[in-house]
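The values are calculated or read from the model by the stated rules, or taken from the named source; none is laboratory data. Everything quoted here is computed from the prediction, not taken from an experiment. All Cβ positions, even for glycine, are placed from backbone atoms using ideal geometry, and neighbour counts span all protein chains on display.
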Amino acid sequence: MTAIHDQAMQYIYQQVLERLLSHMSQAQRASLQLLIQRLLVAAGGPEYIGTFRLLVLQGSDRRSARLLAMLRAAQLSIALRAPVTFQLQVLVASLPAADSATLEAHERSFSALFMQDDARVQLQMIEGRAVVPFNRQPSTACDRWLQARDAMLIFGHLVDARPEALLGCRLHLELADAVGFALRAQAPADVLVTAIPARQRRRYLAWARRSLRMAGARGPHGAHQCLAALAQGLSWLHGTVGGPLGVLAEPTPGTAAEDAPLRIITIDDLLPHLLEAPQLDRMLGCCFEAAQDAWPLAAFVDPLAPAHLHELRARSLEPQASRPALRLAGKPGASQRRDAHQLQLGKAYGIDQTQLVCLLFSPFARQGKNLERFLQCRHADMLVALPYLHRALQGKPCPAAVKDWLVNTSGLPLAQLRAIYDGRLPMTAWRLMSTLTRRDIHLKLLPRRPLVRQRGFAGLP
């Protein structure tokens, strides 16, 4: 029975391969042969291909979908010529949280490539800082996002709550942390295959090295030496930025295994052919916007999350007397979809809309400089309690109801709020977090905020 089953599966895999090749252009089929040769050489020869393990980060852009299709075609092509083929680990990334539509699109691609039931393929996804088996249904386990949630809240309240800063290069640290977790698995990958162009890879590497040097880390944090060492350094950096206030972890060198460094296989020379012709997209059941191809570093980030935060911020900053109800404008259907997306973002992190609006105001930093304005715009009924709010943030006696309101409205414990209020942060950590606010998710420089305040005693603006 097992032999019959294996024979039937081989027939199915052959059909999938033939379908893949029929949807490729002649140039893409030639590129596939070059990719197969490159993988065989990287494995050390055909005799080692059966133990060769590839890792690919699966984003939500055309480049990621085409790369996965090419790798699947290479895997099945080698299997037809040899008794074994390489192992493929697919890690789906859509930060800060993947919505149902994104996960369904990935599932369509996996089904078209017949990957779910193949023992040679491992499908995983990032949820918070955890790496879990792929599932088309978004998780409701908020504990997986606890560290990411606290990191985002502290970062926004203390340093910069602009959407570009909250969901900017800080998310690259979250991604590196999750990738580092995946690389510490029982069967770690031998190489990572990427279709990100060389210019963008150099920009990422320069940003990572600069951030690690600023944090005082030393060690081989270079992708040309070992990608696992770089991921480990950025994972430490993520823990430093998102850890308790006033605590800066000791710098750690890259201690990844030097005898088996994690290498990178780049396919820059195959990119022109990889991105041509739309036949593969139709086979995979995907639809992409051309603008997404221009920003490869943002392929692992939900593109709608910054836009929704911008809209929420713009509507929340108006005084309460003249502000309409906090509802998204537009057609009813579009409004419901965008509201659902915002709820998904907050639900994943365990942050309700009240706490998200509070974050966008950053009312507690700099000894509560924006606290009165926040109350005027969003909680006018609490203006009479403003002196008690300051007393609670200063650690002085005040009614328990005031403390409860602060915790419920911000989503942070009172001890963290008092640290934010006082600006208790080492200068090294402050400079590092300020540097992270200067670049967006594309690692491009953001314009400085219109109002630049002098730093206080702890280095806070």
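How about the stretch 355-443: which helices (runs of 4 or more DSSP H) wholly inside it have at least 2 residues that are buried (at least 17 other Cβ atoms within 10 Å of the Cβ), out of contact with any Leu (no Cβ under 7 Å at 6 or more places or on another chain) and in contact (Cβ under 8 Å) with a residue 24 or more places away in the chain? Where helices (runs of 4 or more DSSP H) fall fully within the stretch 355-443 and carry at least 2 residues being buried (at least 17 other Cβ atoms within 10 Å of the Cβ), out of contact with any Leu (no Cβ under 7 Å at 6 or more places or on another chain) and in contact (Cβ under 8 Å) with a residue 24 or more places away in the chain, they are 427-436. The residue of the stretch 270-301 that is surrounded by the fewest Cβ atoms within 10 Å (Cβ to Cβ), among those that are modelled with pLDDT of 85 or more and of a type in the set (D, E, K, R), is R282.
Going through (1) touching a Phe, Trp or Tyr at 6+ places or on another chain (Cβ under 8 Å); (2) part of a strand (DSSP E or B) one by one, L76 falls short only on (2).
On the stretch given as the stretch 32-58, residues that are in contact with a Ser or Thr (Cβ under 9 Å, 6 or more places away or on another chain), touching a residue at least 40 places away in the same chain (Cβ under 8 Å) and in a helix (DSSP H, G or I) total 3. L312 meets the conditions (1) more than 27 Å from L360 (Cα to Cα); (2) of a type outside the set (G, A, S); (3) at pLDDT 85 or above in every case but one. The failed one is (1).
Every residue, every condition in (1) touching a residue at least 24 places away in the same chain (Cβ under 8 Å); (2) within 26 Å of R313 (Cα to Cα), yes or no:
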| site | (1), (2) |
| --- | --- |
| R129 | yes, no |
| R136 | yes, no |
| A151 | yes, yes |
| R170 | yes, yes |
| V179 | yes, no |
| V191 | yes, no |
| P197 | yes, no |
| R202 | no, no |
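Taking the listed residues S77, S60, S31, S22, the one that is within 29 Å of the chain's Cα centre (by Cα) and not charged (D, E, K, R) is S60, with no other qualifying. Does A65 satisfy the criteria of being in contact with a Ser or Thr (Cβ under 8 Å, 6 or more places away or on another chain) and in contact (Cβ under 8 Å) with a residue 60 or more places away in the chain? The answer is yes for A65.
Screening the stretch 158-193 for residues that are farther than 19 Å from L237 by Cα and outside the structural domain of Q58 (by TED's automatic domain parsing) and picking the one that is surrounded by the most Cβ atoms within 10 Å (Cβ to Cβ) gives A161. Any residue in the stretch 123-145 that is in contact with a strand residue (DSSP E or B) (Cβ under 9 Å, 6 or more places away or on another chain), surrounded by 23 or more Cβ atoms within 10 Å (Cβ to Cβ) and either closer than 18 Å to S64 by Cα or not hydrophobic (A, V, I, L, M, F, W, C) (or both)? For the stretch 123-145, residues in contact with a strand residue (DSSP E or B) (Cβ under 9 Å, 6 or more places away or on another chain), surrounded by 23 or more Cβ atoms within 10 Å (Cβ to Cβ) and either closer than 18 Å to S64 by Cα or not hydrophobic (A, V, I, L, M, F, W, C) (or both): present.
Just one of (1) outside any loop (DSSP other than H, G, I, E, B); (2) more than 22 Å from W295 (Cα to Cα); (3) modelled with pLDDT of 95 or more fails for L68. It is (2). Of all residues in the stretch 146-157, exactly one satisfies the criterion of being farther than 15 Å from S362 by Cβ and buried (at least 24 other Cβ atoms within 10 Å of the Cβ), namely A148.
The condition (being under 27 Å from W295 (Cα atoms) and surrounded by fewer than 22 Cβ atoms within 10 Å (Cβ to Cβ)) is satisfied by just one residue among R29, R120, R81, R19: R29.
What residue, among those in the stretch 246-269 that are at pLDDT 80 or above and under 26 Å from the mean Cα position of the chain (by Cα), is surrounded by the most Cβ atoms within 10 Å (Cβ to Cβ)? For the stretch 246-269, the residue satisfying everything is L262.
Condition first: in contact (Cβ under 8 Å) with a residue 40 or more places away in the chain and outside any helix (DSSP H, G or I). Can you find one or more residues in the stretch 2-23 that meet it? Yes: one or more hits.
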